[in-house]
Structures are given as C-alpha cells and as structure tokens.
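Step one of this worksheet: look at the structure below.
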Amino acid sequence: MTTLPRPARTVLVSSIILSLTLPAFAKTPVATGTGGAVATISEPASQAAIAILNKGGNAVDAAVAAAATLGVTDPFSCGIGGGGFMVIYLAKDKRVITIDHRETAPASFTPSVFLKDGKEMDFETVVASGRSVGVPGTVRGWHEALDRYGSMSFKQVLAPAIDVATKGFKVNDNFSHLVQENEAKFAKFPATAALYLRNGKALPAGTTLRNPDLAKAYRELAAGGVKAFYSGKMARAMVDAVNANSGNITLADLANYEARLRQSVHSTYRGYDLYGMPLPSSGGVAVAEALNILEGYDLKSLPRAKAEHLYLEASRLAFADRNAYLADPEFVDAPVAGLLNKDYAARRRELINPEQASAHAPAGDPYPFQDDVSVPLRPNANKLIAEGAHTTHLTVSDKDGNIVSYTYTIESWGGSGIVVPGYGFLLNNEMTDFDFSGPAPNVPEAGKRPRSSMSPTIAFKNGKPAFTIGSPGGATIITTVLQTIFNYVDLGMSMPDAVNAPRLSERNGLATDIEPGFPGSAQAQALEKTGQHWNKTPEEIGAANALVFNPDGTVTAVSEGHRHGVGSALVQKPAH
Ligand code: GLU
C-alpha cells in the first residue's frame, strides 16, 4: 500500500477539537409511550427525530432528520454518499410506499469492470478505490420522501444534523474501533485521513468530533435542494474524487440519477401482513420465502432447538434461491411471483429434514409457480459473494399513525474510504455488491443497481400496524429480520428479547454465522444435535431497530441493548 502524505495540521485542527464540555448522552434502548416514536443506533439521531416531531413534522420528516444526523454520528455506516430503501406507511390512505434510492452503476460499467486478465480483481483493492463507487441515491431518496409524503423542507429537517456536525459529538468506543479497523483504508485518502485520523491513528473515544465540511454540504442542500447535490460544485467534487482513484463516473451519471417508487413485497405470516422491500433488494422476497416455508410447521408446539433448526433450514433454502435468481428487476426477469408462492414454499419445505441439518442447498425451480410465462432466466451461478456487514436501520412513527422503516448504507464500514474533499462525507463502495464475474443475474452493467439485502419491514395485524423491524449487516440483514420475526411471533419473545437474542445467520454457506459467546452455550449444543455447525470466527451481527404498536394504543420503540454501543429508543410522550 502506498503511504500518502499526512494531512496538514491546520486541516486537522479545523475539523476536530478536543472538548469535554458536551454532555454524554445516556442511551435508552427501550421506550414506551404515546405520540411519535423512534429507534436508531444513535442518541443524537433519535433526538433529531423527536425534535422534528415536536415541531409538528411527520414520520417522514423525522426519519430524514434522523438519517441526516446518523450521517454525522455514524458516518461509516451511512450518509449522503450512499443509498438506501425506505418503506413508508401512510395512515390516512392506508397505503404502503417504498422508495428505492439504491446506488446505480455509472454508464462506464460493463460485466467485466471487476476483471483483470479474465480474473476477478482483489475485493479489498476494489473496495478502497473509485471503481467501487456507485452514483449515490440518498439525497434523491430524501427529496422524493419529503416532497411527496413529508410536510417540511430540506432546510427544516437538516437543521438538527447541521447543528450536530457544527458543534460536534463525542466519539464512542464503537466509533473509535471502526476507525482503527479502517486506518489503512482511510490513510489512502488525504481528506479522509484529515477528518478521521490523527497522526495516522484512530481518534480515541471521548474526542469531540466536528465535521464543518459536512455541515456545509447539508447547508448547500438546505439552500439548493436536490440539484445542489447532483449538479454544480458538489457533483464536480464527487466526480473528481472518484476518477482520481481509478473510477470512471461523469457529471451526467449524477445528473441522470433517479429514485424509484416501487410496489412493496407483500406476504402473510400467521395472521400478519408483512410489507417489505422489493428488488433490487432481495430482502423482502427472501424473508417472505423463508417465512412461507416456516408457516407449514406448528413451531409453537416444538422445543426451541427443533424450531430453531427449522428456522436455519428455511433460511438456507431461501438463500439458495436468492443467490441464484435475484437482481435488479430492470435488467433481470426474476421469478418473484414463483418464489413468493405458498405452494412453492411447500415444495421447498419437503426438502427439510426436521432431525438433520442439510448440506449446501441447490436453488429450487419457482417457474412452474409463476403467474406469467415469460422466458425464464435459469440460474447459472449459485455462489456467495463477499459482502459487507454494515449499514444502519432506523424506524419512526408519528402521532397520526404514519410509519417509516428505513435502512440506508454506504456498504462496507467507511464505504470506499473516500471522503469528498471539502464536503465531509464518505462515498459508498456499493458496486462491490455486484458479483465480480458471471454469468449470474447480479453482474455489473451500466445503469444497473446491485442486489441488496436491506429489509426494512412493516407488519400489520387485522389491518392495523403491529410492528416494524429492520437491521444492518449485509446479507445477514435478511436473517436478522427473519430471526427477529421468528423470535417474536413463534418463540413468543418480547420485542426487546427478540432483538437482543443471539443471532444465527444461515445463508447457504459452509457454516452458520454466529456471535461471540454463542459457541458452547446450551442453545448451541441443543442445535448441534441435528448437525448444525458454526463459523469458527464469531462476530457481532446487525444492530436492529424496531417499533411495536401495542393494543392499548401506546408504542414501544426498541433498539439494541448491547450491539453497536447500545441503541437509542425515544417516544414523544413517555408512559409513566
Ligand atoms: N450493501 C449491503 C446491502 O445492500 C448493505 C451493507 C451492509 O449492511 O453491509 O445489502
């Protein structure tokens, strides 16, 4: 790796000050009350949402305010340099909307963009370069959400985030640790090193970090709207930053970016109606397929280990299909109707042995269950690509019953590692969510959106909102959302318990991913009796956020009790 010159000290001093004067936030991971509610992983972000709700904003306004603040306090997970998927419930219309603002491949992309001499390029080298950067969708997504369904302007909803970026926030252990893990990547890019490193090392926990450049970028959005991002000086700065680092993106790519309003994936599970994200996120389809498979079992009557064994097997089968078939629907004719069909799920269920874990599962054949006769694209590849495990999820409701479930990302921790000089935000590496080589539905192509796993979900019972759930974590997002629903609905856990329970992520790989502390536990040993086995290097899996709409009219906001430095749940009017 080449060592780039250290940033000038003046830049460091202007971006970062040490201070112990700001109050430490006391995070509360669970809160119940009335009015609006919010759960995010960041206290300032949850506070921003509540501030906007208190000013009369609706759930959409508050969600954008929280997201913009997360872009300041959780810049390695998300930001305006990335993209995401928002699911919105409009209470008055009783309608669910989804906004796809996934990053898009520049016009220069071809299926061989990640090949050199016919071989796949090194993954990490591509990540830390302009080649991995897709056209960011976040600002266009926020614009569509506010313009169509919000009640406030960019200026109003960005105000709390501008305040945090200007005054600073206290770096916690988690933040400092993430910088430490990415020191080498961040050191490659002078603007990134200037913002997040000091003498090449991570900022220690307790440092107050200011980001005046990001405050400036947000102020420009507040004044100029969506155009201030996709054209003009900020667009030029992004193009230059990408192209100086082996990328090939143009001002036209930025100017042409569009968000998409898409019909949600609707599925049912044991009396719940679930609404999730459609392609190009595989999340909604994969979660629904796995639940359809599970619905055929009387899980409540089974011992926990037997039920969890079935959960793992259902997930494995759903992932076999997800990996084989799903990609950007504007490029690939994916058999979504077949995959969502309950009879197809019954066919898949026949492959499960309730007593014995299966090995790698092949994809099924959903085409006979399709309700159209379009020429099928049969699966050619069924492999797991390297995927990150990062991102952030937030969820907000308001006093009128509107709800937002929103997952957004820059892909890996710290994305491409490229901070746009003068604007203080990191550019994504979302293009590495494509398969590097084909033939496969998810190969890179110009104007295509890479397949995602993001699974923001809203559930209803008897036509009324019941709960929301979503998570970060790359492909583990799907299993975290699935497992949390399974924990809550089938194992009868409270939502905080369902969220905090150890995660088991089976994605049709060689072994199930698990978290530290799980191996050797009674739960692990019980599952091992059916031949389930675990990845040898446990790691924390996705920090989820949820809302539960209680029968008495209150709402409970649920964030993490221990992951990602504990989350923040707030309600407008706490119940006493
Ligand atoms: N790039 C991932 C996806 O879209 C999200 C990033 C992550 O959570 O690691 O599925």
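The values are calculated or read from the model by the stated rules, or taken from the named source; none is laboratory data. On a predicted model such as this, the values are computed, not experimentally measured, just so you know. Neighbour counts run over all protein chains shown; Cβ positions are idealised from the backbone, glycine included.
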The one condition in (1) out of contact with any Leu (no Cβ under 9 Å at 6 or more places or on another chain); (2) charged (D, E, K, R); (3) touching a residue at least 60 places away in the same chain (Cβ under 8 Å); (4) assigned to a loop (DSSP other than H, G, I, E, B) that residue 573 fails to fulfil: (4)
Candidate set: the stretch 411-453, residues that are surrounded by 24 or more Cβ atoms within 10 Å (Cβ to Cβ) and at positive phi; chosen: the one farthest from the ligand (Cβ to nearest atom): 424
Some residue of the stretch 506-519 being over 23 Å from the mean Cα position of the chain (by Cα), at pLDDT below 95 and either away from the ligand (no atom under 16 Å from the Cβ) or of a type outside the set (A, V, I, L, M) (or both): yes
Out of 311, 297, sole residue that is buried (at least 17 other Cβ atoms within 10 Å of the Cβ) and outside any helix (DSSP H, G or I): 297
Test: residue in the stretch 557-570 that is assigned to a loop (DSSP other than H, G, I, E, B), modelled with pLDDT of 95 or more and under 15 Å from residue 467 (Cα atoms): yes
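Within the stretch 454-497, can you find the residues that are among the small types (Gly, Ala, Ser), within 14 Å of the ligand (Cβ to nearest atom) and either part of a loop (DSSP other than H, G, I, E, B) or over 14 Å from residue 395 (Cα atoms) (or both)? Talk me through it step by step, then tell me what you get.
Within the stretch 454-497, the subset among the small types (Gly, Ala, Ser) is 455, 459, 463, 466, 470-471, 473-475, 492, 494.
Adding the requirement that they be within 14 Å of the ligand (Cβ to nearest atom) leaves 455, 470-471, 473-475.
Listed by number, the residues that qualify are 455, 471, 473, 474, 475.
Answer yes or no as to whether residue 102 is out of contact with any Gly (no Cβ under 7 Å at 6 or more places or on another chain) and among the basic types (Lys, Arg). Give the derivation first.
On the way: out of contact with any Gly (no Cβ under 7 Å at 6 or more places or on another chain): no; among the basic types (Lys, Arg): yes.
Against the criterion (out of contact with any Gly (no Cβ under 7 Å at 6 or more places or on another chain) and among the basic types (Lys, Arg)), residue 102 does not qualify.
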Condition broken by residue 407, with the remaining ones in (1) away from the ligand (no atom under 13 Å from the Cβ); (2) β-branched (Val, Ile, Thr); (3) not in a loop (DSSP other than H, G, I, E, B) satisfied: (1)
Segments classed as helices (runs of 4 or more DSSP H), wholly inside the stretch 180-244, with at least 1 members that are in contact with a strand residue (DSSP E or B) (Cβ under 6 Å, 6 or more places away or on another chain): 183-187, 190-196
Test result for residue 354, over 30 Å from residue 240 (Cα atoms), at pLDDT 95 or above and either more than 16 Å from the ligand (Cβ to nearest atom) or surrounded by fewer than 24 Cβ atoms within 10 Å (Cβ to Cβ) (or both): yes
Looking only at the stretch 263-285, and only at residues there that are farther than 20 Å from residue 300 by Cβ and part of a loop (DSSP other than H, G, I, E, B), the one that is farthest from the ligand (Cβ to nearest atom): 263
Cβ pairs under 7 Å, 6+ apart, first in the stretch 301-324 and under 12 Å from residue 478 (Cβ atoms), second acidic (Asp, Glu) and crowded, with 24+ Cβ neighbours inside 10 Å: 315/506; 316/506; 318/289; 321/289
Checklist (1) surrounded by 15 or more Cβ atoms within 10 Å (Cβ to Cβ); (2) not in a loop (DSSP other than H, G, I, E, B) applied to residue 525, failing item: (1)
Residue 303 vs. criteria surrounded by fewer than 22 Cβ atoms within 10 Å (Cβ to Cβ) and within 30 Å of residue 259 (Cα to Cα): no
Inter-residue pairs, beta-carbon under 8 Å, first in contact (Cβ under 8 Å) with a residue 60 or more places away in the chain and within 20 Å of residue 418 (Cα to Cα) and in the stretch 61-82, second within 14 Å of the ligand (Cβ to nearest atom) and of a type in the set (Lys, Arg), 6+ apart: none
Residues that are touching a residue at least 60 places away in the same chain (Cβ under 8 Å) and closer than 19 Å to residue 562 by Cβ, drawn from the stretch 506-532: 523
